[in-house]
Amino acid sequence: MALPATPPVDLDHEFQPVPFHVSVDVVGATVAVAGELDRPNGHHVLDGLAALVSGGCRQWTVDMTAVSFCDAAGLRVLLTGHHLARRHGCELVLERPSRCVHRLLLLTGLDRVLDVRPGGPVPAPAAGGQRPLPSAGPLRSARRIRAVPGTGRPRP
């Protein structure tokens with residue numbers, strides 16, 4: 001079976017890889033992240049957040065507009081940064097998360113742990129003191145592959 005000449009339009013990932021980059025503004029207490037936030041790159045973000053410790057700002061901002069991918073290691077980096085900020089009496093704010101990051105935060109429930117600001121002013125709490133959550137959209141079902149016991153390889 002041949003693949004179509006043009007890929008489907010509704011894929012969640014970008015086709016052009018974004019080079020990984022972290023920029024730190026100590027005065028503004030902002031760390032801007034671009035590219036893939038994963039295990040090989042996560043320590044760079046933590047280094048940037050650690051640089052904010054001596055800055056004296058009470059709010060640390062992570063601009064996630066240009067993050068093209070985030071995995072479990074990337075989420076761990078964000079949680080570690082959250083705990084680092086709290087240990088120093090500060091608040092960590094995730095500003096303008098990309099679509100993939102925002103969806104991952106919603107699906108894992110971390111949007112209720114971390115301060116996520118998609119842009120603009122912070123929404124007021126809804127009735128009952130809970131903030132409204134946007135829909136994560138439909139989930140795609142995946143085909144389960146059974147592994148051969150003890151090998152980790154798929155069964156034929």
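Observations on the structure shown:
- Enumerated strands (runs of 3 or more DSSP E) restricted to segment 10-80, each holding at least 3 residues that are more than 24 Å from residue 108 (Cα to Cα): 21-25
- Segment 90-102, residues that are over 8 Å from the mean Cα position of the chain (by Cα) and either at pLDDT 95 or above or under 17 Å from residue 43 (Cα atoms) (or both): 90, 91, 92, 93, 94, 95, 96
- Restricting the first member to segment 8-25 and to residues that are hydroxyl-bearing (Ser, Thr, Tyr), and the second to residues that are at pLDDT 50 or above, the beta-carbon pairs closer than 6 Å and six or more apart or on different chains are 23/32.
- First in segment 31-60 and touching a residue at least 60 places away in the same chain (Cβ under 8 Å), second anywhere and hydrophobic (A, V, I, L, M, F, W, C) and part of a helix (DSSP H, G or I), Cβ under 9 Å, 6 or more apart: 37/45; 37/73; 37/75; 37/77; 37/78; 37/101
- Any hit, segment 118-134, residues being at pLDDT below 95 and within 13 Å of the chain's Cα centre (by Cα): yes
- Selected residue [exposed (fewer than 15 other Cβ atoms within 10 Å of the Cβ) and under 12 Å from the mean Cα position of the chain (by Cα)] from 75, 79: 79
- Scan segment 71-97 for residues that are more than 29 Å from residue 56 (Cβ to Cβ) and of a type outside the set (Asp, Glu) and the total you get is 2.
The values are calculated or read from the model by the stated rules, or taken from the named source; none is laboratory data. Note that this is a predicted model, so its numbers are computed, not measured. Positions of Cβ are generated from backbone atoms using ideal geometry, with glycine treated the same way; all protein chains shown enter the neighbour counts.
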